[in-house]
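What follows draws every value from the coordinates through simple rules; no lab data is involved. All figures in this text were calculated on a predicted structure; none of them were measured in a lab. Positions of Cβ are backbone-derived with ideal geometry, glycine not excepted, and every protein chain shown enters the neighbour counts.
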Amino acid sequence: MRFLVSKCLLSHRLFRVGGRGYVRLQGGGTRAIHRSENILATKCFCENAGFGYQGITGARLYHTLWYRVLPMATKSGGLYVGRVACENALHAVRYVAEVGRAMNTHVTVSFGPLGIEDDVAGRAFSDLQARVTRWWRDQRQRKGRDIGDLHGFHCHSNPAGSRHVHWVLHVPAEIEDEFPSVVKNRLQKIARRVDLRDGLHIGAVQTPGSLAKYVLRGIEPEYADYLHIEAANEGFVAGCRRTGVSRAASKAARKRAGWVRKKRRRYAA
């Protein structure tokens, strides 16, 4: 078992468990990154020169750390949609609506019918996104079509072992007729099959805000009320981040545009 820690000796005992891939140490805020889901008792020492943290026995032993790893949201997967990621997606939906590019198309890709395993489903969808984005950019730059940037967000789910991904985006009227076939053709190449069966569904979106809260219902339960989402068990997603937002609707893009989320007033009944 190996860890990454800050460049200092451990001088305090562990007092609580972090849920984001680290444990907090009392006093100096030292963090240890771990990748297990079991209760562990690890004897550790810290090397002054760098980040080497290894389990050993002998004279250089300083502490025995006891900790339990909670479900984490990491690049390699997670059990829940994190609060920050959820807020980012919700803000993206509101932002694109305010700039006149409300998300109007819902693409659902189910990996089971396509014969794509869970551990490569994330890479397969990333490949699909990249191919569609290249086509989109080609339409703008080479063909001169006024379709703007691609605005959208996605969220992976795996309820009861049914791995799929929701991709919600804005499709301009100029390409709305051809867009479904573009997605279908590229997914056929990725899945290496002509018959997609029930692996692809593309529909129109009437209320993007409500749809976003449905898509993001895999949020950590403790934050569901705060974001007015009805939480549900969406299963463990492995091999990729659960959610993502396109560059044109990202936090950085919103900041460059000077967009600030407007707080909605609530009146007592």
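Rounded to whole numbers, the Karplus 3J(HN,Hα) couplings from phi for segment 120-135 are 10, 4, x, 5, 5, 5, 4, 5, 4, 4, 4, 5, 5, 5, 4, 4 Hz, using 6.51 cos²θ - 1.76 cosθ + 1.60 with θ = phi - 60°, and x at Gly and Pro. With a/c under 1.5 counting as rounded, go ahead and sort segment 154-269 into rounded, prolate or oblate using the C-alpha gyration tensor (a ≥ b ≥ c being the square roots of the eigenvalues; past the cut-off, prolate if a/b is larger than b/c, else oblate). Cα axes put segment 154-269 in the oblate bin. Inter-label distance, K184 to A257: 3.1 nm, where each label sits 7 Å from its Cα along the C-beta direction.
Which pairs break 20 Å Cα to Cα here: K213/K255; K213/K251; K143/K255? Listed pairs above 20 Å: K213/K255; K143/K255.
Among T207, T133, a tally of other beta-carbon atoms within 10 Å of each Cβ gives an order, fewest to most, of T207, T133.
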